[in-house]
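Here is the structure we will look at.
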Amino acid sequence: MNELTNKKISALRVDYSLKEFDETHVLSDPIKQFSVWFKEALEANVNEPNAMTIATVKPDNTPSARVVLLKGYSELGFSFFTNYNSHKGQQLIQNPNVALVFCWLELQRQVRIEGKVSKLSKQENDEYFYSRPLGSQIGAIASPQSQIIAGRHVLEQNYSVVESELHEKEPERPEHWGGFVVEPTLIEFWQGRSSRLHDRFEFTKFDNGWKHNRLAP
């Protein structure tokens with residue numbers, strides 16, 4: 001069964017021919033280029049266009065990755081929110097080096113980002129926390145993220161306790177819940193092309209500017 005399955009997997013193949021991305025399309029500012037591609041992902045109704053894989057470094061120097069949601073971007077970087085006490089949060093606090101990947105299959109595109117994280121301000125954390133639905137606010141308080149629990153009933157009990165303690169009051173953002181911003185030092189744009197001759201452009205930061213090069217696929 002495994003041999004047959006592996007043969008089927010190895011036969012999976014897509015010849016990418018939807019779009020091209022050459023020197024005439026590349027903007028000099030990778031943040032502006034990301035904005036163009038992100039807008040096109042929204043217009044193409046890409047499923048969860050702000051979903052991104054984030055890879056962190058564990059204390060033993062091995063990698064750890066998971067998918068989170070981008071919540072904003074600017075010239076300063078790419079921001080997301082989490083529980084600072086979670087595995088992800090603690091790894092980022094101990095080692096700020098991080099990598100992000102956006103995969104937009106509907107457009108046959110990928111964006112890779114490397115950089116360092118820093119915490120967002122209290123004001124930024126509050127602004128986003130209180131913009132979330134009430135249930136998400138309560139969930140952030142009730143969940144001891146990344147900790148071992150006996151079962152789902154623990155989460156539901158915690159949620160009920162927090163909900164009953166509020167008595168229609170606005171929840172208070174926990175100090176251990178907040179955001180990070182990834183300041184990029186490298187951004188790569190990948191566009192799938194036919195016969196595996198994909199278009200790749202890598203931007204690297206220097207001083208206060210960026211330079212880019214085409215990479216072989």
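Read-outs throughout are calculated quantities, based only on the coordinates presented, and are distinct from any laboratory measurement. As the structure is a prediction and not an experimental result, all values here were calculated from the model. Note: ideal-geometry Cβ built from the backbone for every residue, glycine included; neighbour counts use all protein chains shown.
Remarks
- Counting only the Cα atoms, the chain fills a convex hull of 180 Å³ per residue.
- Sorted by Cβ density within 10 Å, fewest first, the residues 207, 199: 207, 199
- Amide H contacts for residue 185 (H built 1.01 Å from N in the peptide plane; partners 5 or more residues away or on another chain; cut-off under 5 Å): 114, 115, 116.
- For segment 50-189, relative contact order (Cα pairs under 8 Å, six or more residues apart, normalised by length) works out to 32 percent.
- Look at the dipole of the chain built from charges on Cβ: of 128, 101, 80, the Cα furthest out on the positive end belongs to 101.
- For a straight C-alpha distance cut-off of 19 angstrom, the lysines reachable from residue 71 (same-chain residues fewer than eight places away being disregarded) are 32, 39, 88, 116, 119, 122.
- The distance linking segment 158-217 with segment 68-94 is 7 Å (Cα centroid to Cα centroid, whole angstrom).
- The length gained on full extension between residue 196 and residue 163, counted as 0.36 nm times the residue separation minus their Cα-Cα distance, comes to 6.6 nm.
- Sequence of 187, 141 once ranked by neighbouring C-beta atoms within 10 Å, starting from the fewest: 141, 187
- Loop trypsin sites (Lys or Arg not before Pro), segment 1-75 (other Cβ atoms within 10 Å of the site Cβ: 13 or fewer; DSSP): 13
- Within the chain, longest stretch clear of exposed GluC sites (Glu not before Pro) (DSSP loop, no more than 14 other Cβ within 10 Å): 76-167
- Evaluated with a Cβ-only charge set (Lys, Arg +1; Asp, Glu -1), the chain carries a dipole of roughly 740 debye about its Cα centre, given to the nearest 20.
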